[in-house]
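The values are calculated or read from the model by the stated rules, or taken from the named source; none is laboratory data. Just so it is clear, the model here is predicted, and its values are computed rather than measured. Every residue, glycine as well, gets a Cβ built from its backbone with ideal geometry; the counts of neighbours run over all protein chains shown. The accessibility values were calculated without ligands, DNA or RNA, using every heavy atom of the protein model including side chains. Shrake-Rupley method; radii C 1.70, N 1.55, O 1.52, S 1.80 Å.
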Amino acid sequence: DIQMTQSPSTLSASVGDRVTITCRASQSVNNWVAWHQQKPGTAPKLLIYKASSLQSGVPSRFSGSGSGTEFTLTISSLQPDDFATYYCQQYNTYSWTFGQGTKVEI
Amino acid sequence: ELQLVESGGGLVKPGGSLRVSCAASGYTFSHTWMSWVRQTPGKGLEWVGRIKSKNDGGTTDYAAPVKGRFIISRDDSQKTLYLQMNSLQTEDTAVYYCTTYAFDIWGPGTMVTVSS
């Protein structure tokens, strides 16, 4: 299976901060990476697909970049609603794998 | 509005069986490939398996830890996805989510606890 390694595991930030989360794949996944946001007790919510495409309805302060094995999720100006856990996911193969998550906290 | 809702979770003893369901509404379920994903505090999010649409053969694929024990099926007339779980182990304890193959729609999840 392709391993997805996220960093950092936890991130402390303030409202208005620019936040960057990194995800590294154990082998090339081309651009087949998605990013999800999850809040406690709820299902993941798709933010970004195909590495850099913004899902409909997601605020433009979220952006994704990267290709091959290195990917980044950026929140340009952190808002109170953004404190959550973020997961990267590869779908280059039908056997999806997820990163271990990055918790963004105050 | 496109929606998925799981049901059928609960407490089951090791070695037991359980079937969870995922009811879809608001879109053309029959054309959609579907997946199950589970989440545990220890292992995070884990893909369980998928089923293609009947138009594309209706075949299934499974993750190694559940292959041979879990069965995914669908009833397009009822717009329902199923996950039959057999020979359950304590490691199968998780919240089980159904999701579209584009992972843009997720159900709220159903908790399955395997414990004696």
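Couple of notes before you dig in:
- Whichever residue in region A:6-43 is of a type in the set (A, V, I, L, M), assigned to a loop (DSSP other than H, G, I, E, B) and closer than 19 Å to A:Ile106 by Cα and, among such residues, is farthest from the other protein chains (Cβ to nearest Cβ): A:Val15
- Just one residue in the set A:Val33, A:Val58 is under 19 Å from B:Trp47 (Cβ atoms) and either out of contact with any Gly (no Cβ under 6 Å at 6 or more places or on another chain) or open to solvent by 20 Å² or more (accessible area, probe 1.4 Å) (or both); that residue is A:Val33.
- Qualifying positions in region B:71-114 - hydrophobic (A, V, I, L, M, F, W, C) and within 14 Å of B:Ser30 (Cα to Cα): B:Leu81
- Hits in region B:11-44 (condition: on the phi > 0 side of the Ramachandran plot and surrounded by fewer than 13 Cβ atoms within 10 Å (Cβ to Cβ)): B:Gly15, B:Gly26
- Residue list for region A:1-16, filter: open to solvent by 60 Å² or more (accessible area, probe 1.4 Å) and not polar (S, T, N, Q): A:Asp1, A:Val15
- Filter result (modelled with pLDDT of 95 or more, loosely packed, with under 14 Cβ neighbours inside 10 Å and over 23 Å from A:Ser77 (Cα atoms)) within region A:36-54: A:Thr42
- Counted residues, region A:8-55 - those being closer than 18 Å to A:Asp82 by Cβ and not hydrophobic (A, V, I, L, M, F, W, C): 20
- Of all residues making up region B:56-71, the number that are surrounded by 15 or more Cβ atoms within 10 Å (Cβ to Cβ), under 17 Å from B:Tyr101 (Cβ atoms) and either away from every other protein chain (no Cβ under 13 Å) or aromatic (Phe, Trp, Tyr) (or both): 1
- Test: B:Tyr101 is at pLDDT below 95 and open to solvent by less than 70 Å² (accessible area, probe 1.4 Å): yes
- Restricted to region B:25-47, and to residues there that are modelled with pLDDT of 95 or more and touching a Leu at 6+ places or on another chain (Cβ under 7 Å), the residue that is farthest from A:Thr93 (Cα to Cα) is B:Gln39.
- The criterion of at least 1 residues that are within 8 Å of chain B (Cβ to nearest Cβ) and under 20 Å from B:Gly107 (Cα atoms) is met by the following strands (runs of 3 or more DSSP E) wholly inside region A:44-106: A:45-49, A:85-90.
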